[in-house]
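What follows is a set of notes on a single structure, which appears directly below.
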4 protein chains.
Amino acid sequence: MRSDAPKSKGRNLPFDARIRGWLYEQLEPNVWPRKGLSPINILIVGVILLGTFAAILQTEPLVFEGRERLFLTIEISLGIFFATEYLARLWVVTEGPGRNTISKRVGFVFSISGLLDLAIIVATFAPFVTVNLTMLRLVRLLRIVRLAKLGRMSVAIKRLSKAVASRKYELLFTMGLAVTVLVFGATALHLIEGDLQPDKFGSVPRAMWWSVITLTTIGYGDVYPITVLGKVFAALVAVAGIGLIAMPTGILASAFSEAVRHDDNAQTKHTEER
Amino acid sequence: MRSDAPKSKGRNLPFDARIRGWLYEQLEPNVWPRKGLSPINILIVGVILLGTFAAILQTEPLVFEGRERLFLTIEISLGIFFATEYLARLWVVTEGPGRNTISKRVGFVFSISGLLDLAIIVATFAPFVTVNLTMLRLVRLLRIVRLAKLGRMSVAIKRLSKAVASRKYELLFTMGLAVTVLVFGATALHLIEGDLQPDKFGSVPRAMWWSVITLTTIGYGDVYPITVLGKVFAALVAVAGIGLIAMPTGILASAFSEAVRHDDNAQTKHTEER
Amino acid sequence: MRSDAPKSKGRNLPFDARIRGWLYEQLEPNVWPRKGLSPINILIVGVILLGTFAAILQTEPLVFEGRERLFLTIEISLGIFFATEYLARLWVVTEGPGRNTISKRVGFVFSISGLLDLAIIVATFAPFVTVNLTMLRLVRLLRIVRLAKLGRMSVAIKRLSKAVASRKYELLFTMGLAVTVLVFGATALHLIEGDLQPDKFGSVPRAMWWSVITLTTIGYGDVYPITVLGKVFAALVAVAGIGLIAMPTGILASAFSEAVRHDDNAQTKHTEER
Amino acid sequence: MRSDAPKSKGRNLPFDARIRGWLYEQLEPNVWPRKGLSPINILIVGVILLGTFAAILQTEPLVFEGRERLFLTIEISLGIFFATEYLARLWVVTEGPGRNTISKRVGFVFSISGLLDLAIIVATFAPFVTVNLTMLRLVRLLRIVRLAKLGRMSVAIKRLSKAVASRKYELLFTMGLAVTVLVFGATALHLIEGDLQPDKFGSVPRAMWWSVITLTTIGYGDVYPITVLGKVFAALVAVAGIGLIAMPTGILASAFSEAVRHDDNAQTKHTEER
């Protein structure tokens, strides 16, 4: 028997309290006793993905025009769904740790998570109340961020974050190095090709667009040096770019490797001590 | 002496059973007693590669036109070769584990592997029977997938798959992060450059093409921002792209490293226990 | 109590010596007793970043024109700030190890760090004295290099440098391999497409621009092969490029991993020996 | 005292034998008793690099024209230098292991290394004897390959080769996967955009150029999909490309990590056994 089961599991509770306990377990990933996500959270994830997909598609006139009613229906349904979920969360939040019911409710409403939920619901319904603002419709894309809430507690994310945090200084230094190469590369190309291609290398900020696109190895081809000296310097920046990508990759690889090794060692020790 | 040698190795079996046993060993990589692939399987791999190469070349008019007879001969030869192989497999399948000969034969025909083989043979001969469909000719490219069957048992693939599977959640999270950056990058550029370049950033789905090609650092150069603000956001997406490539690479590197370390530890323990 | 505290910490020292001791601790990261940077060094880092940003922005006519007075004020302020810092360092340098006050002052002025500081201060004020030279204004960008001084002592940089140094030969060999592929790729494309695209592949040095931009996977698209044979060779170079990027990344990843593992082992041993 | 010193080190040998012994030690990196390269080998490396640089520059008309005499002098000097080195190697080869002097000399001349040296010398002098062939002049670039001979014995290269060899099957599988994605990506785009852009996607081989340039994330921008479906499939190929680059990088990183770990363990064991 699980001794840390929520108190609502008791059998002699009134019916609404039992429903609330059940719903709390379903909505709160941290108290869900089984592996993975609860059925209701899986549904919520699905609806969030679908809503994000719908929000993306709506911006495309070729898809949206002639299907206004369909998308309107989808948006209203999504709004009702998320409002229901919000109210459900507000109802069950009292099941969480703490004594004062009111303070728990207020705490939920003013938590970052709660405010984000509310903002998304408002953004969903706003277009029907006021004018049809493009910006507001795009706020709905924020729904995708809500997925992080579900995954937040996951061991994987914690491990990744810990690994990245453990190499904070190495990564910062690499970033500093990258910025330095970026600025010097842009300055060099500005000095060399500034007069020849003034719209592209006429100033250091302009040349930095080239610098970023080259160091990240994207290379759109809208800007590139045309003189021999410019090409020589650009080649140096290009090669430096490889190093600047290899460095953080190597650092992260070693950090992830360490994180897992430590976890394993901790487990081994634990086992040996028994 | 190998005690797990197939039963057909016995000397006092009838001639056809001995041939079948020999052929079974040749065709089934898992029962091949020696290292690597059997001679017949090496031949099959060679013919599959040759067939794939021929199927690719045939689509090129400059190569195909004037050489129709040559490619027809190649295709018919390949068809006969694969049909023979299919029948041979159907014949020797009874050597495998299990008692009922019929059920083993039926099992082979309706296995994924068997159906794929049959589909490829049909696709090889179909053009001679019916009209010359481009699609059907390309189905022949599926032959290349058959190579995976031969490699399936390899330790390497198992180790790779295990390593990737062991980091399932980390990789999924990285993917989720990538999709989020993809969507937000596309949305940002759509808002900034949507009016200036409507055909390229006129909607979030359109901007996502730019987003994908930038985050993967491909950068064709068919779409790129032209405003200062657009370039600033694009630079942020570009830098995020480096991180999003470094993350899975690092995760995989650590996973592969772990997989090998565990294998080694297992071996060491095994040796020490003796 | 810290026994290695600088001597100036004594209470019965005259007021100016106590100020100097306090300032020395603030300016010299190595003697700063607490974690991180001292408040004054944080301020200096901030001003360096701001100065670099201002120096970058000034080169852009759209930003600079009409704001000459603003940037003039910024530059003069920066010049005064860095001159003050220089004089302060010159004053407190006597707190450092060594007996002869004069030789410590002279040593500071003629150290690389001191000369760099002086050069940057001269470059900051020069435009107001003589003509407004573009080059001189860009020398101010060198300020960013000063940041390395602050980070120099950091464990992270030491670890990274040690890791890179430990794989010196492997990285050199990879670089040699890259140069060889670069030269042979350029030569191949020069031979194949030299006559067709003389301005792009007309000589090996010209083809090397293509070679660098392809091997680093940047691919601007200003130069690419147009013949079938050229494309086949370019594809080979492209695939080799992947390997040539994967190699150093892998080497660095393993080096970083080792560096941390050794540090951990050293710590573990230390702990066990107690 | 080194007991494995070459026999020529004896003091009572005739003068020419002592010279030959000294020269053998200088020319043969494996018998050089000290760390690094011998002075004469450093000179040879320098001359090879210079010769390669000269050979590259000569192909550029803007550099070559008007400087024919200079490059002629350089080439003749290089030819004499390498011929002298060849003769010196032929003379000292008798110092190597083995009894029969004639067979050692013949063995050197017909070794791959000896034939390569001879070919380069012939290629250096050929233009002066016969017509000025572009091809022959480029053969001189092969000199760069000679550098590998000097590095061959290095621990670094051995470690790298061992690491790569230890993951042979994993790398082969990744390559197989890459080829499969390459072929299927090209086939998909050929089917989707073959009619719209016949010169770019009109056949699978043509589409494979796009496929290679996309999977390697180069993205010249000479070929890219223009339909929505084409872009969707191209995005899938692009994302697959990231994975196909991350895989070998991760495999190599783990292999390099392993190689060093094994070396360390071997050393630790060695130390503990003492």
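The values are calculated or read from the model by the stated rules, or taken from the named source; none is laboratory data. Just so you know, these numbers come straight off a predicted model, no measurement behind them. As a convention, Cβ positions derive from the backbone with ideal geometry for all residues, glycine included, and neighbour counts pool all protein chains shown. Side chains included, ligands, DNA and RNA excluded: accessible areas come from the protein's heavy atoms. Shrake-Rupley method; radii C 1.70, N 1.55, O 1.52, S 1.80 Å.
Quick look at the numbers
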| item | result |
| --- | --- |
| Identity of the residue in the range D:209-227, over 27 Å from the mean Cα position of the chain (by Cα) and facing another protein chain (nearest Cβ under 8 Å), that ends up farthest from C:LEU236 (Cα to Cα) | D:TYR224 |
| Answer from D:GLY36, D:GLY66, D:GLY98 - the residue that is open to solvent by 40 Å² or more (accessible area, probe 1.4 Å), modelled with pLDDT of 85 or more, assigned to a loop (DSSP other than H, G, I, E, B) and out of contact with any Pro (no Cβ under 9 Å at 6 or more places or on another chain) | D:GLY66 |
| Residue in the range C:256-274 that is part of a helix (DSSP H, G or I), surrounded by fewer than 24 Cβ atoms within 10 Å (Cβ to Cβ), facing another protein chain (nearest Cβ under 7 Å) and modelled with pLDDT under 90 present | yes |
| Within the range D:13-29, tally of residues that are open to solvent by 20 Å² or more (accessible area, probe 1.4 Å), part of a helix (DSSP H, G or I) and more than 17 Å from D:PHE108 (Cα to Cα) | 5 |
| Condition met for A:PRO61 (farther than 30 Å from D:VAL228 by Cβ and either among the small types (Gly, Ala, Ser) or open to solvent by less than 80 Å² (accessible area, probe 1.4 Å) (or both)) | no |
| Subset of the range A:164-176 [modelled with pLDDT of 85 or more and not β-branched (Val, Ile, Thr)] | A:ALA165, A:LEU171, A:MET175 |
| Residue match in the range D:120-141 (condition: modelled with pLDDT of 75 or more, more than 10 Å from chain C (Cβ to nearest Cβ), open to solvent by 30 Å² or more (accessible area, probe 1.4 Å) and under 19 Å from the mean Cα position of the chain (by Cα)) | no |
| Single match in D:VAL239, D:VAL181 (criterion: in a helix (DSSP H, G or I), more than 9 Å from chain B (Cβ to nearest Cβ) and modelled with pLDDT of 90 or more) | D:VAL181 |
| Restricting the range B:184-197 to residues that are at the interface with chain A (Cβ under 9 Å from one of its Cβ atoms) and out of contact with any helix residue (DSSP H, G or I) (no Cβ under 6 Å at 6 or more places or on another chain), the residue that is surrounded by the most Cβ atoms within 10 Å (Cβ to Cβ) | B:PHE184 |
| Hey, A:ILE192 modelled with pLDDT under 90 and in a helix (DSSP H, G or I) or not | no |
| From the options D:THR73, D:THR52, residue that is within 30 Å of C:PRO198 (Cα to Cα), of a type in the set (Ser, Thr, Tyr) and open to solvent by less than 40 Å² (accessible area, probe 1.4 Å) | D:THR52 |
| C:PRO205 being out of contact with any strand residue (DSSP E or B) (no Cβ under 8 Å at 6 or more places or on another chain), open to solvent by 10 Å² or more (accessible area, probe 1.4 Å) and more than 8 Å from chain D (Cβ to nearest Cβ) | no |
| Which numbered condition D:LYS158 fails, given (1) surrounded by fewer than 18 Cβ atoms within 10 Å (Cβ to Cβ); (2) farther than 16 Å from D:SER257 by Cα | (2) |
| Filter result for B:PHE81 (under 27 Å from B:THR101 (Cβ atoms), open to solvent by 30 Å² or more (accessible area, probe 1.4 Å) and of a type outside the set (Val, Ile, Thr)) | yes |
| Failed item, numbered, when C:ALA88 is tested on (1) more than 24 Å from A:LEU182 (Cα to Cα); (2) open to solvent by 30 Å² or more (accessible area, probe 1.4 Å); (3) not charged (D, E, K, R) | (2) |
| Flag for C:PHE108 being open to solvent by less than 80 Å² (accessible area, probe 1.4 Å), free of Cβ contacts under 8 Å to residues at least 24 places away in the same chain, aromatic (Phe, Trp, Tyr) and more than 14 Å from chain A (Cβ to nearest Cβ) | yes |
| B:TYR224 being outside any helix (DSSP H, G or I) and either at pLDDT below 90 or open to solvent by 30 Å² or more (accessible area, probe 1.4 Å) (or both) | yes |
| Boolean, A:ALA234 is more than 7 Å from every other protein chain (Cβ to nearest Cβ), in contact with a His (Cβ under 6 Å, 6 or more places away or on another chain) and closer than 24 Å to C:THR52 by Cα | no |
